Amino acid sequence: EERIPFYGTHQAGIITPAQNFIYFAAFDMTATGSKALQKLFRAWTAAAAAMSEGQPVGDESGNYNLPPVDTGESAGLSPSRLTITFGAGPSLFDDRFGLGAKRPPSFTDLPAFNGDQLEPQWCGGDIGVQVCADDMQVAFHAVRNLARLARGTAVLRWVQEGFQRTAAADPKSGTPRNLLGFKDGTANPAVTNDQEMNKVVWAQSSDGPSWMAGGSYMAVRRIRMRIEIWDRSTLKDQEDTFGRYRGSGAPLGAVNEFDPVDLTAKDKSGNLMIPADSHVALARGDGSVQILRRSYSYSGGMDLKTGQLDAGLLFISFQRDLFKQFVPLQQKLAKNDRLNEYILHVGSAVFACFPGTSKNGYIGEVLF
Ligand code: HEM
């Protein structure tokens, strides 16, 4: 199916199997007042619903003396499984929009983590819009037209494109590999299991403000990879860094990608097969804290000062509660993960992604 319905109990683009491309956009409001915000959300909802069906953002007037309503570059293209997922950043919950009292108590900017090297140009945003599609032109068209509809109300703060292998390159749809060459996403919770999604991903009304029930909190981290250093490290070191084999993706000591991870397995000399400071050992821990990862690789040209590629992972995860899930995980990783030698967190943002809406409603209506 080329089309993913925009309307529903939950927003699309969260438990939706990852499309080939992402174009992430963070916006800042320039207008103030809740009326302006509601008007923007209404316009974005209509546009997003139309684009998800492969339609332009509005009917053309045909007037030669006016700019066309839609920018036109996706005319005739399939919807390409386009999803557009909207979320509010912590900064939206302030006096500008009378939303101070609506902020979920546990929804704030992330604390600083060990080793963070955040650059302001990759951080924050009043509103986050995750656009994913199997075609980059379709994704670009969506962000461009949302930005255009926002003119006078909101401006782009930062954007980042991302990719993974396409379905054409991997018809069997195996787990995609990140730019360090390892399969990434193997141990994700099952999106087809409603019970698990309610436990890990969807905010419940008992969690806090009832308006977030059915929504999800998104963590975004732009994580640069020191690929030149990685490329000079040995295969043994690379596999010990993750705790999995590069080829098969199997846990060290096991055979197949989806074999159980046994963090106590030892080799003949009594050493742990999966090092205790490996990424998998630390991220898994006792298994009690889970998140849904939905990351993409990014390539942002090159660093003109060093001649090195600016490439890495646009890490995205969804969780029911940032401070019970993402934060403790990242605190552990930031402190001890072997992977830290090869990565640098340069961007950070969090968004409260609203529950889904229906044809008569609009995205974010739950705030008003
Ligand atoms: C697992 C790569 C950052 C959380 C993995 C795996 C790889 C990987 C290759 C093993 C395969 C899999 O289960 O998907 C990376 C890279 C990162 C990164 C390259 C940065 C550039 C993060 C961050 C978090 C995280 C920031 C969360 C704070 C996890 C979790 C698992 C995992 C929860 C599953 C562990 C398990 O239960 O076995 N990651 N990761 N990762 N990662 Fe990361």
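Observations on the model:
- Cα gyration tensor, the stretch 13-86 - rounded (a/c under 1.5), prolate or oblate: oblate
- Between 0 and 90°, nearest 10: helix 326-336 axis offset from the chain longest Cα axis: 40 degrees
- Sparse-neighbourhood loop sites, chymotrypsin sites (Phe, Trp or Tyr not before Pro) in the stretch 1-80 - DSSP loop, at most 16 other Cβ within 10 angstrom: TYR64
- Cβ-Cβ distance of SER205 and LYS332, R₀ of 30 Å, FRET efficiency by 1/(1 + (r/R0)^6): the value works out to about 0.55.
- Listed residue pairs exceeding 27 Å between alpha carbons, taken from LYS236/LYS332; LYS172/LYS266; LYS183/LYS236: LYS172/LYS266
- Charge context of ARG165, other residues only, Cβ under 13 angstrom, K/R +1, D/E -1: 0
- Per-residue extension of 0.36 nm, minus the Cα-Cα distance of GLU119 and VAL155, leaves a gain of 11.1 nm for this segment.
- Taking the three principal axes of the alpha carbon atoms in the stretch 150-236, the coordinate ranges are 50, 42, 28 Å, sorted in descending order.
- Crossing angle, helix 136-149 versus the chain [Cα axis fit, 0-90 degrees, rounded to tens]: 40 degrees
- Against the chain, whose longest principal axis is taken from its Cα atoms, helix 34-52 shows a tilt of about 70°.
- Furthest towards positive pole of dipole, ASN114, VAL280, ALA219, structure part the chain, Cβ charges: ASN114
- Spin-label model, SER288 to THR166: label points 7 Å out along the Cα-to-beta-carbon direction sit 4.6 nm apart.
- If you take all other residues with their beta carbon under 12 Å from the beta carbon of LYS332, and give Lys and Arg +1 and Asp and Glu -1, the sum is -1.
- Dipole of the stretch 130-268 computed with +1 at Lys/Arg Cβ and -1 at Asp/Glu Cβ about the Cα centre; of MET136, THR153, PRO251, farthest Cα towards the positive end is THR153.
- Ordering of 291-302, 211-222 by burial proxy (mean other Cβ atoms within 10 Å per residue, highest first): 211-222, 291-302
- Rounded FRET efficiency, nearest 0.05, which uses the C-beta distance separating GLU73 from SER299 and R0 of 25 Å: 0.70
- Prolate/oblate/rounded label for the stretch 1-128 (Cα gyration tensor, a/c 1.5): prolate
- Three-way shape label, the stretch 91-159, alpha-carbon gyration tensor, a/c 1.5: oblate
- Global size of the stretch 296-368 as Cα Rg and Dmax, reported in angstrom: 17.5, 53
- Globularity index of the chain is 1.01 (Cα radius of gyration / 2.2 N^0.38 Å, N = number of residues).
- Of the peptides 137-145, 202-210, the order by per-residue mean of other Cβ atoms within 10 Å, starting with the highest, comes out as 137-145, 202-210.
- Sorting 77-89, 355-367 by average packing, meaning the other beta carbons within 10 Å per residue, from highest down gives 77-89, 355-367.
- Surface/4 of the Cα convex hull for the stretch 211-326, nm²: 9.9 nm²
Any read-out appearing in this document is the output of simple, stated calculations on the displayed coordinates, not a laboratory observation. Quick caveat, the model's predicted, so the values are computed rather than measured. Note that we place each Cβ from the backbone using ideal geometry, even for glycine, and neighbour counts take in every protein chain shown.
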